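All of the numbers you see were taken from the coordinates with simple rules; none came from a lab. Predicted, not measured: the structure shown is a model, and the values here were computed from it. Counting neighbours? That spans all protein chains shown, and the Cβs are built from the backbone with ideal geometry, glycine included.
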Amino acid sequence: MDILNSFNEFETAALQAVTAATDADALEKVRVEFMGQKNGRVRDLQKLVGTATPEQKPAVGKRFNEVRTSVSSALDARAEQLKLQTTKAASDFDVTLPGERPRIGHLHPITQVMTEFRELMGRFGFTVVDGPEIEDERHNFEALNIPEDHPARDPLDNFYVACASVAAGRPVLLRSQTSTVQIRTMESTQPPVRVVSLGRVYRPDTIDATHSCMFHQMEGLMVDRHVTMAQLKTVLSLFARSFLGPEVEIRFRPSFFPFTEPSVEVDMKWGDSWMEIGGAGMVDPNVFAAVGYDPEQYTGFAFGLGIERFCMKHYGVDDIRRFYENDMRFLAQF
Ligand code: PHE
C-alpha cells in the first residue's frame, strides 16, 4: 500500500535525522521539519490518512499513530542524551576514572592527651568545667589571694588586653593560669566540688625549647569536709601512673603559691630523671573566704599541671615549639 510506504519512508528519514543531530539547535530543526504543527512533513502524512478507503482506514490510522509516537520519543530521547553530554563536558566528569581516596586527618597530639586526661580524671570522679581565656583581675589574681604588689601581677609578666573595660577601670588579661576556674567554680557551686578544667594559658615568656607564650594546663580542685594532702598525693600518683605506666613515681617538694597552704611543686620520675609537672597544695583559707566557703567546715586540694610537659614526655618530643608549627611531617606521626 502506497500510504504505508510513505509512512515508513517518513519514519526512516526522521529517525536518521534525529540520530544525526549533534546539538540541541540541530535537533530542534529536525523536530520542526518532521513534526512541526504548521508545515512539518507529518501534515502530509495526515492528509494521506484522509485518502484511505474505508477498508484501509483502521490499519492506516494505527500505523500513523505508531510512526508519530516513535518519532516523538526518538526526539525526546536524543534531547535527553545531548543534555547529558553537555553537562558531562562542562563538569569534566568521567565516571570511568578511579576515585581519589580522601585524606583523613587526626586530632592534634595535645588534643589527644587532653581527651585522655579528661577520661582518666573522670574515672576518679572529677567532672570537667570550663572557663574563659580572657579574665578579670579578680579571677586571675585577687580571689586567688595574689595581692596587688605580688610580682606575678607585673604588667610585663602578663598579657593585658586593651579594650573598653580597661577604660571603665576593669582591666582584663589573657589568663596566666587555669586556677581562675577554681574561683569561677566555687562562686557558682557549693561543696562538695570535684572538678578538672583543661585549657590554654598565656605568659609573655621568651620562647625556647621548653617555653611558649601559650600552653595548656589541667587544673584540678577537690573541696569537701576532711579533704587531705594524702588524697592529693594519691590522686596525682594514680593519674600519672594511669597515663604513663605503673613505674612512674611522684615527688612533692615544698614550694609557695599564694592560693595554697601548704604548697608543693610536683615532680614525676619516669625513666631515670625527675621532671617538674606542676604545682599543687591545700586550698588557702583566704581563697575560701573570697568565694564564701566556710574554711572551718571545708578543706580542699588544688593542682595545676602542664599538659605539654606530659605530652613531650609521653611521645619523646624534645622541643615544645613543634606542637604549634603545624608541620605535617611532625603531626602525622601521632
Ligand atoms: N596555678 C599554678 C601555676 O600556674 C599551679 C597551681 C595550681 C598551684 C593549683 C597550686 C594549686 O603555676
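Based on the mean of other Cβ atoms within 10 Å per residue, sort peptides 114-122, 98-106, 324-332, 218-226 so the most packed one is first.
218-226, 114-122, 324-332, 98-106
So, R0 is 56 Å and r is the distance between the beta-carbons of residue 329 and residue 59; what FRET efficiency does that work out to, to 0.05?
0.10
I'd like the antiparallel share, as a percent to the nearest 5, of DSSP beta bridges with both residues in the chain.
Antiparallel bridges: around 95 percent, rounded to the nearest 5.
Filter the GluC sites (Glu not before Pro) in the stretch 239-316 to those in DSSP coil with at most 10 other Cβ atoms within 10 Å of their Cβ, and list the result.
Here the GluC sites (Glu not before Pro) that fit, given the DSSP loop and packing criteria, are 247, 296.
Provide the net charge surrounding residue 285, with neighbours chosen by a C-beta distance below 12 Å and charges set as Lys +1, Arg +1, Asp -1, Glu -1.
-4
Please give the residues of the stretch 22-36, grouped as numeric ranges, whose backbone N is less than 14 Å from a label point set 7 Å along the Cα-to-Cβ vector of residue 85.
Under cut-off, by backbone N: 22-28.
Calculate, in nm to one decimal, what residue 154 and residue 322 gain on full extension: separation in residues at 0.36 nm each, minus their alpha carbon distance.
Using 0.36 nm per residue and subtracting the Cα-Cα distance, I get 57.6 nm.
Using 0.36 nm times the number of residues separating residue 92 and residue 275, minus their current alpha carbon distance, what extension gain do you get?
60.0 nm
Once you have the Kirkwood Rh of the chain from its Cα pairs, apply Stokes-Einstein at 4 °C and 1.567 mPa s and quote D in µm²/s.
Answer, rounded: 49 µm²/s.
Along the charge dipole of the chain, pointing to its positive end and built from +1/-1 on Cβ of Lys, Arg, Asp and Glu, which listed residue (104, 67, 229) has its Cα farthest out?
About the Cα centre, the residue reaching furthest to the positive side is 67.
Hey, rough spin-label estimate for residue 226 and residue 134, points 7 angstrom out along Cα→Cβ, what's it come to in nanometres?
It is 4.6 nm.
Please report the spacing between the Cα centers of the stretch 133-202 and the stretch 207-257 in Å, no decimals.
Value for the Cα centre distance between the two parts: 20 Å.
How far apart, in nanometres, would the label points at residue 35 and residue 256 be if each is projected 7 angstrom from Cα along the Cα-to-Cβ direction?
Those two pseudo-labels are separated by 9.7 nm.
Report the charge-dipole magnitude of the stretch 1-159 in Debye, nearest 20, computed about the Cα centre from +1 at each Lys and Arg Cβ and -1 at each Asp and Glu Cβ.
2080 debye
Reachable lysines from residue 38, Cα under 16 Å, same-chain residues fewer than 8 places away excluded?
Leaving aside lysines fewer than 8 places away in the same chain, those within reach of residue 38 are 29, 47.
Around residue 208, with a cut-off of 15 angstrom between Cβ atoms, what is the net charge of the other residues, counting Lys and Arg +1 and Asp and Glu -1?
Charge balance near residue 208 sits at -1.
Under a plain spin-label model, where a point goes 7 Å from the Cα along Cα-to-Cβ, how far apart in nm are residue 165 and residue 43?
Simple spin-label model gives 8.4 nm for this pair.
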